[in-house]
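Okay, handing you the structure first.
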Amino acid sequence: MSTRKILFRGQTRRKGEKTSISGKPLPGIWVAGGVFPQNKGYDYAIIYQQNPKIEKYVVHADTIGQYTGINDSLGNFIFEDDIITFWLKNDATRTCRKGVVEYSESSARFMVRVCESTDVVMLKDCCCIHVIGNVFDGEFDKSESEMKQLYARRLQSNSCMEVQDTSNLLLWA
């Protein structure tokens, strides 16, 4: 029996809150661990990290997102509010899609709101997933066209294989 990892991620500094000497906005700083929310309408919460030692971080409460229990094809944790590229397991055309990970209270599971349409799909039905950013910082620095070309090449190379784990996702070989 495997244990479920319960993690939360929050931002201690928002993207652009500070700038470099040249005026370029500095990236946000993210921490992950257990969370102590301040539920009385406060703007901040506390995240506790336990490795390598116990640390306490004050984070912006609106940036807190839960770990989905699924890693992307490169081993990165997938959290709520991440922007991902993926394709659906039952899609024979292997159409590369982009979406935002959200938690659905009504169905009590993680869903992906597809960017190019109004579709919402279950995260467990996605495979060959890549985290390319989050809703707070936007997409990572590589241009969107470069990212789409890279993922399209990998998807066409048939380099995905099914792995035997609790998530039963298809991941890069």
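Of the residues in segment 87-102, how many are of a type outside the set (F, W, Y) and in a strand (DSSP E or B)?
7
In addition: Do you know which of the residues in segment 113-132 that are in contact with a Lys or Arg (Cβ under 8 Å, 6 or more places away or on another chain) and part of a strand (DSSP E or B) is surrounded by the most Cβ atoms within 10 Å (Cβ to Cβ)?
Here the residue is C126.
Go through segment 72-116 residue by residue and tally those that are over 16 Å from C127 (Cα atoms) and not basic (K, R).
Count: 11.
For segment 95-130, which residues satisfy the criterion of being in contact with a Gly (Cβ under 6 Å, 6 or more places away or on another chain) and of a type in the set (A, V, I, L, M)?
At the first step, the residues of segment 95-130 found to be in contact with a Gly (Cβ under 6 Å, 6 or more places away or on another chain) are 112-115.
Answer for segment 95-130, where residues must be in contact with a Gly (Cβ under 6 Å, 6 or more places away or on another chain) and of a type in the set (A, V, I, L, M): V112, V114.
For F110, which of the numbered conditions (1) among the hydrophobic types (A, V, I, L, M, F, W, C); (2) open to solvent by 60 Å² or more (accessible area, probe 1.4 Å); (3) over 19 Å from G138 (Cα atoms) fails to hold?
If we test F110 against (1) among the hydrophobic types (A, V, I, L, M, F, W, C); (2) open to solvent by 60 Å² or more (accessible area, probe 1.4 Å); (3) over 19 Å from G138 (Cα atoms), just (2) comes out false.
Same structure again: For residues in segment 65-86 being open to solvent by less than 40 Å² (accessible area, probe 1.4 Å) and part of a loop (DSSP other than H, G, I, E, B), which is nearest to E17 (Cα to Cα)? Working first, answer last.
Just the residues of segment 65-86 that are open to solvent by less than 40 Å² (accessible area, probe 1.4 Å), to begin with: 65, 67-68, 70, 72-73, 78-79, 81-86.
Among the residues that remain, those that are also part of a loop (DSSP other than H, G, I, E, B) are: 72-73, 81.
Details: D72: 29, S73: 31, D81: 20 Å.
Checked segment 65-86; the qualifying residue nearest to E17 (Cα to Cα) is D81.
Turning to a different aspect of this structure: Taking into account only those residues within segment 87-107 that are of a type in the set (A, V, I, L, M) and surrounded by 14 or more Cβ atoms within 10 Å (Cβ to Cβ), which is farthest from the chain's Cα centre (by Cα)?
L88
The values are calculated or read from the model by the stated rules, or taken from the named source; none is laboratory data. A quick note: this is a predicted structure, and the numbers were derived from the prediction, not measured. Counting neighbours? That spans all protein chains shown, and the Cβs are built from the backbone with ideal geometry, glycine included. Heads up: the accessible areas ignore ligands, DNA and RNA and are worked out on the full protein's heavy atoms, side chains in. Shrake-Rupley method; radii C 1.70, N 1.55, O 1.52, S 1.80 Å.
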